[in-house]
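The values are calculated or read from the model by the stated rules, or taken from the named source; none is laboratory data. Please read these numbers as outputs of a predicted model, since none were measured by experiment. Heads up, the Cβs are rebuilt from the backbone with ideal geometry, glycines too, and the neighbour counts pull from every protein chain shown. Accessible surface areas use protein heavy atoms only, side chains included; no ligands, DNA or RNA. Shrake-Rupley method; radii C 1.70, N 1.55, O 1.52, S 1.80 Å.
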Amino acid sequence: DQFNDTVRSERELEERLGLRVVGSIPLVRDKDRAEAKKRAKKGDRLGEADRYVARFPRSQVAEAFRGLRTNLLFMGPRAEFKTMLVTSAGVREGKTTVSTNLALSLASAGRRVCVVDTDLRRPRVHKVFDLPNDEGLTMVMIGAISLDDCLTSVAENLDILRCGPT
């Protein structure tokens, strides 16, 4: 029992780290797990969770993202933040899922949002929005194309800057 360092609740996490939890998103699993495993083995990691807010706007998950959005908008010392980074320590921990759903939630509230896919190893944002990855951030960085030419509007108030060729 002394070696068990599992965190079981938000309250316990806040006590251990001395930080406040901004939001909690329920786990979304594919309905057909066997099919999801087949897709994952083929390298297609697009799952049901990636655009959940848009597909199921009245769901508990969508409400959790709206709660996270509200907390982020009102928690800062300034009235409005301009930039946010979504990251994690490892692969397949939900970075794309969180960033795309949070972006959809912010855009639906009237905020202008641009999602920038900076994952040069496994870019996925273009797949979430059914876009080709033939141009994007990498081409802007080398000066082959302008930033304005790479931005793609995918919804009202929501633009995407894809990763581009790696």
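Below are the figures for this structure:
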| item | result |
| --- | --- |
| Identity of the residue in the stretch 1-29, of a type in the set (Val, Ile, Thr) and in contact (Cβ under 8 Å) with a residue 12 or more places away in the chain, that ends up nearest to LEU102 (Cα to Cα) | ILE25 |
| Within the stretch 121-138, considering residues that are closer than 14 Å to LEU151 by Cβ and aliphatic (A, V, I, L, M), the one least open to solvent (accessible area, probe 1.4 Å) | VAL125 |
| Any hit, the stretch 42-55, residues being in contact with a strand residue (DSSP E or B) (Cβ under 9 Å, 6 or more places away or on another chain) and modelled with pLDDT of 60 or more | yes |
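Here's the yes/no breakdown for (1) in contact with an Asp or Glu (Cβ under 8 Å, 6 or more places away or on another chain); (2) at pLDDT 90 or above; (3) of a type in the set (A, V, I, L, M); (4) buried (at least 16 other Cβ atoms within 10 Å of the Cβ):
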{"position": "THR6", "(1), (2), (3), (4)": "no, no, no, no"}
{"position": "GLU12", "(1), (2), (3), (4)": "no, yes, no, no"}
{"position": "LEU17", "(1), (2), (3), (4)": "no, yes, yes, no"}
{"position": "GLY23", "(1), (2), (3), (4)": "no, yes, no, yes"}
{"position": "PRO26", "(1), (2), (3), (4)": "no, no, no, no"}
{"position": "GLN60", "(1), (2), (3), (4)": "no, yes, no, no"}
{"position": "ARG66", "(1), (2), (3), (4)": "no, yes, no, yes"}
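Here is a yes/no grid of residues against (1) modelled with pLDDT under 95; (2) within 16 Å of LEU68 (Cα to Cα); (3) not aliphatic (A, V, I, L, M):
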{"residue": "GLY94", "(1), (2), (3)": "yes, yes, yes"}
{"residue": "VAL113", "(1), (2), (3)": "no, yes, no"}
{"residue": "ASP119", "(1), (2), (3)": "yes, no, yes"}
{"residue": "PRO123", "(1), (2), (3)": "yes, no, yes"}
{"residue": "LYS127", "(1), (2), (3)": "yes, no, yes"}
{"residue": "ILE142", "(1), (2), (3)": "no, no, no"}
{"residue": "ASN157", "(1), (2), (3)": "no, no, yes"}
